[in-house]
1. Take the residues in the stretch 181-202 that are assigned to a loop (DSSP other than H, G, I, E, B) and in contact (Cβ under 8 Å) with a residue 12 or more places away in the chain, then tell me which one is surrounded by the fewest Cβ atoms within 10 Å (Cβ to Cβ).
2. If only one of Ile352, Ile375, Ile342 is β-branched (Val, Ile, Thr), more than 30 Å from His128 (Cα to Cα), out of contact with any strand residue (DSSP E or B) (no Cβ under 9 Å at 6 or more places or on another chain) and modelled with pLDDT under 70, which one is it?
3. Using beta carbons and a limit of 6 Å, which pairs, at least six apart or on different chains, have the first residue in the stretch 281-297 and charged (D, E, K, R) and the second one modelled with pLDDT under 85?
4. Being within 29 Å of Val43 (Cα to Cα), assigned to a loop (DSSP other than H, G, I, E, B) and either among the aromatic types (Phe, Trp, Tyr) or modelled with pLDDT of 70 or more (or both): is that true of Ala313 here?
5. Being within 25 Å of Glu184 (Cα to Cα) and surrounded by fewer than 21 Cβ atoms within 10 Å (Cβ to Cβ) is the filter here; which residues of the stretch 81-102 pass it?
6. Check whether at least one residue in the stretch 329-338 is in contact with a helix residue (DSSP H, G or I) (Cβ under 7 Å, 6 or more places away or on another chain), modelled with pLDDT of 55 or more and assigned to a loop (DSSP other than H, G, I, E, B), and report yes or no.
7. Find all pairs meeting these conditions: Cβ atoms under 9 angstrom apart; at least six residues apart or on different chains; first residue within the stretch 127-141 and closer than 16 Å to Gln46 by Cα; second residue buried (at least 20 other Cβ atoms within 10 Å of the Cβ) and acidic (Asp, Glu).
8. Closer than 27 Å to Lys121 by Cβ and modelled with pLDDT of 80 or more, is that true of His261?
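The values are calculated or read from the model by the stated rules, or taken from the named source; none is laboratory data. Just so you know, these numbers come straight off a predicted model, no measurement behind them. In this analysis, Cβ positions are derived from the backbone assuming ideal geometry, glycine residues included, and neighbour counts consider all displayed protein chains.
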Amino acid sequence: MFRTTLLSLLFAKLVFSLDVYLHPEPPSPLPSHLSPTQARIVVSHQLGLDGFDSLEELSDDPSLRNFILSAPSKGYSIGGGPRKALLLSVTNEVASDIIPSNLKSSFSLSNSDKSSNLVSKTVESFVHRAESVYTNVFSSESSSPPPVPQLLDVFSLHPTSSGVEKFLAETAQVVDIVESNDMEDVFGGIILSGLESLCAEDRDSEPYKLAVELTRQLLTTVSQDTRFSLVVLAHEPSLFRRQQPPQSPFPPNQPTLAPQHPFSSLSTCYPSLDACTNSTSSCSSHGACQQASKPTFEGRTCFVCACNATTDASGRKQQWVGNACERRDVSAPFALLAGTTIGVIILAAGSIALLSGIGSQKLPPTLAASAGAQIAKSD
């Protein structure tokens, strides 16, 4: 479907090298290097997110086809992923410090395309796909991360920095996933940017060493737990630079996909029109489910919400965004308000500067004589 095409494109745009660690280990060794399509299918299968994939894409690679078919059955299909799945992204430098000895690299992905750095987008895309499969989904973008667990209290003894704060927020989510015994199916897609920041600040610092030790212990626990399916993406630092999504105009009066995230359609991709309509309550009555397809996707399609503009009783036009067109798009009014406010501030500042400059200058002789005559007349 549409989301799978985007994941393939993301993998195809990864820069330099990407080492992938898998738990549980594949039943038979994988090739040391995989293509972007192969890597996407293997990672999707490992995380229980391969419901939209097709083995036809591996028809020319018997070893990978056998891997998919012979992998231990843990419910690798839509609605039945493994009990717990964890996807982590970190730089190679940090990975060499935190990866436990019992976790080995399963394969690498190499690419020389330096135009896009999309590891973080790849993680986000898997998170969006997981939202239609798992009941409980954690991510680096979670609006309300869990409270910091007691095992991280040791960081209160050290000065707080942005790196420490990010590490605590991210690790709190990982701990919540690891200790979530009361949740039946859990997915986490976490970008360990806090560790990267601490490493960049001072790799020999006490906070970084503590963070490394705690993370290694968590990964050791996960890699020894048969309920977990783990994927670690270890990439070069340059992969983490973000690019602005390309902008393209849409024809007027045409429903468009919600613009709040360049890959938001991944989280709203449904296998049928009825599934899309029922899951989104007909796109919250602010749009319609439409078929999304790519010509390179061999005819396979899925359905996503395309949001329409509505008009209220006062005749005002309202745009809608969100996975189910459930939120008002306030970006345009905000931009207008911000632009007006900035314009008023600039105008006021310019007026004050002009008046101040005039006040410090003497009046021309003609005006000065006229002003003196008026004063004398009033006396």
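1. At the first step, the residues of the stretch 181-202 found to be assigned to a loop (DSSP other than H, G, I, E, B) are 181-185, 192, 202.
From what's left, in contact (Cβ under 8 Å) with a residue 12 or more places away in the chain: 183-185, 192.
Details: Met183: 14, Glu184: 11, Asp185: 20, Leu192: 24.
By that ranking, first place goes to Glu184.
2. Ile375
3. Final answer for the pair search is Lys294/Thr5.
4. Considered against the rule, which asks whether it is within 29 Å of Val43 (Cα to Cα), assigned to a loop (DSSP other than H, G, I, E, B) and either among the aromatic types (Phe, Trp, Tyr) or modelled with pLDDT of 70 or more (or both), Ala313 comes out as no.
5. Arg83
6. There is no residue in the stretch 329-338 that is in contact with a helix residue (DSSP H, G or I) (Cβ under 7 Å, 6 or more places away or on another chain), modelled with pLDDT of 55 or more and assigned to a loop (DSSP other than H, G, I, E, B).
7. Close Cβ pairs satisfying both conditions: Val133/Asp185; Tyr134/Asp185.
8. Values: closer than 27 Å to Lys121 by Cβ: yes; modelled with pLDDT of 80 or more: no.
It is false that His261 is closer than 27 Å to Lys121 by Cβ and modelled with pLDDT of 80 or more.
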